[in-house]
Amino acid sequence: MAAVAAEWFPTLEDFLLDQGLLAVQVFLVVGGYLNAKSWIRVLVGDSFQIFPRIWARYVRLAIPLFVALSVAVLVTAGVRPFFDHSSLSASPTPLQVVAHVLLLQDILFLEAFSAGVWYVAIDFQLFVIAIACAWLAHSWQHISKSGSVVRKALLVWATLTLLSTFFWNLHPLGEIWGTYFFCAYGLGLCIGCWRQANLRWSYLNLAILIALLGALAYAYQPRIRLAVAVVTALVLCLYESREGRSLAFLGAPWLSDFSNASYAIFLIHFGVSLVISALVFNFWSESIPINLMGLLISFAASVWLGRLIHVHIESKPPSLKRVVQWVAIFSASSAVAMLLS
């Protein structure tokens, strides 16, 4: 649909194809910032449990993911006879199913069942790396009995951020590992814990430091994705310098509602788009207005269905039982897709 509609809006299609992925840098910086904020109170306490937090993060990511993957594999198998397109994955294999459950499909060089699964795996890797660093800082604090545990965490996170910026992020083959993206994620972590580190430098000083290091890294090897991450970090510094006071319209209930459902919307959009694309392709393949309408319907349907998934599935209390249930549903869906193929 996008290719047909692009005859009317070629510039928009080129922008989305070439630059749309840059939005990931914003997600990464903000994700690191929010995680640092959520860990600070626990970090300064007597105990810091790492594995329950890793499990909680996995459950948070996995249950909506298995819902979307179940839809994706069934939809792909259902439309394959009528819709020959490069976005369709091959018939599932048992190894692929296990790899998706463990978020290892890219590391094992296996085809993903849906768009965006790579980002979920990277998000989980980054979370594990960051919280492992926080645990290391907490253990270091217990041994040293002096100084600030937040400063220790800041030091470890900042070190990994610099290593990623000047080394790991320079190699595209490293995109399957969280270390490649830590340059953006780490910026958010550092900003999120800066106030509690009680350093003499203000957020204005931090912004200047980030801008200088970003300029140096960009001069070393130009990367538009790094520039987007740095700009996002500077905006967060400005936000913190205002004592966390946001703009009034950002508190609108409807905006909060859709924000909470954004992860589910992101996951389900692939399956929704496949269904509508297959219908439009088979009946109105050459009609620009209908293909454009199909894109809008895909967007609206993804938002609607994603919100339903959030309200009725994602927002329910997580548990091992629910994870097992959705793994079973995903496995059964994959088995059906295998039979249909």
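The values are calculated or read from the model by the stated rules, or taken from the named source; none is laboratory data. Note that the coordinates shown come from a computational prediction; the quantities given were computed from them, not determined experimentally. Backbone-built Cβ (ideal geometry, glycine too); neighbour counts: all protein chains shown.
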Quick one: what pairs do we get from segment 38-67, first residue touching a residue at least 40 places away in the same chain (Cβ under 8 Å), second of a type in the set (Asp, Glu) and surrounded by 18 or more Cβ atoms within 10 Å (Cβ to Cβ), C-beta under 9 Å, 6+ apart or different chains?
Arg57/Asp123; Arg60/Glu314; Leu61/Asp123; Ile63/Glu314; Pro64/Glu314; Val67/Glu314
Single residue of Leu250, Leu292, Leu267, Leu279 found to be assigned to a helix (DSSP H, G or I), exposed (fewer than 14 other Cβ atoms within 10 Å of the Cβ) and of a type in the set (A, V, I, L, M)
Leu250
Among Ala211, Ala132, which is surrounded by fewer than 21 Cβ atoms within 10 Å (Cβ to Cβ) and free of Cβ contacts under 8 Å to residues at least 40 places away in the same chain?
Ala211
I'm told Leu43 meets every condition in (1) among the hydrophobic types (A, V, I, L, M, F, W, C); (2) over 28 Å from Ala227 (Cβ atoms); (3) crowded, with 16+ Cβ neighbours inside 10 Å; (4) under 21 Å from the mean Cα position of the chain (by Cα) except one. Can you identify the failing condition by its number?
(4)
Residues that are surrounded by fewer than 22 Cβ atoms within 10 Å (Cβ to Cβ) and touching a helix residue (DSSP H, G or I) at 6+ places or on another chain (Cβ under 7 Å), drawn from segment 148-159:
Lys152, Val156, Ala158
Do you know which of the residues in segment 89-107 that are part of a loop (DSSP other than H, G, I, E, B) and crowded, with 17+ Cβ neighbours inside 10 Å is farthest from the chain's Cα centre (by Cα)?
Pro92
Name the residues in segment 51-62 that are in contact with a helix residue (DSSP H, G or I) (Cβ under 7 Å, 6 or more places away or on another chain) and surrounded by fewer than 23 Cβ atoms within 10 Å (Cβ to Cβ), would you?
Arg53, Ile54, Arg57, Tyr58, Val59, Leu61
Can you give me the number of residues within segment 228-243 that are of a type outside the set (Ser, Thr, Tyr) and without any contact (Cβ under 8 Å) to a residue 12 or more places away in the chain?
4
Scan segment 30-85 for residues that are of a type in the set (D, E, K, R) and under 29 Å from Ala158 (Cα atoms) and jot them down.
Lys37, Arg41, Asp46, Arg53, Arg57, Arg60
When you scan segment 13-50, how many residues do you find that are touching a helix residue (DSSP H, G or I) at 6+ places or on another chain (Cβ under 9 Å), assigned to a helix (DSSP H, G or I) and not polar (S, T, N, Q)?
22
Cβ-Cβ below 7 Å, separation at least six or inter-chain, first residue in segment 77-106 and free of Cβ contacts under 8 Å to residues at least 12 places away in the same chain, second in a loop (DSSP other than H, G, I, E, B) and not aromatic (Phe, Trp, Tyr): which pairs?
Ala99/Gln105; Ala99/Leu108; Ala99/Leu110
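Yes/no per residue for (1) out of contact with any His (no Cβ under 9 Å at 6 or more places or on another chain); (2) among the β-branched types (Val, Ile, Thr); (3) closer than 19 Å to Leu61 by Cβ; (4) modelled with pLDDT of 95 or more:
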| position | (1), (2), (3), (4) |
| --- | --- |
| Trp284 | yes, no, no, no |
| Pro289 | yes, no, no, no |
| Leu292 | yes, no, no, no |
| Arg307 | yes, no, yes, yes |
| Ile313 | yes, yes, yes, yes |
| Pro317 | yes, no, yes, no |
| Val324 | yes, yes, yes, yes |
| Ala328 | yes, no, yes, yes |
| Val336 | yes, yes, no, yes |
Exception for Glu286 within (1) charged (D, E, K, R); (2) closer than 30 Å to Leu212 by Cα; (3) more than 23 Å from the chain's Cα centre (by Cα) falls at (2)
Tell me, which helices (runs of 4 or more DSSP H) lie completely within segment 146-237 with 3 or more residues that are modelled with pLDDT under 95 and either closer than 30 Å to Leu108 by Cβ or of a type in the set (Phe, Trp, Tyr) (or both)?
none
Can you name the number of the only condition in (1) within 14 Å of Ala72 (Cβ to Cβ); (2) out of contact with any Phe, Trp or Tyr (no Cβ under 9 Å at 6 or more places or on another chain) that Ile329 fails?
(2)
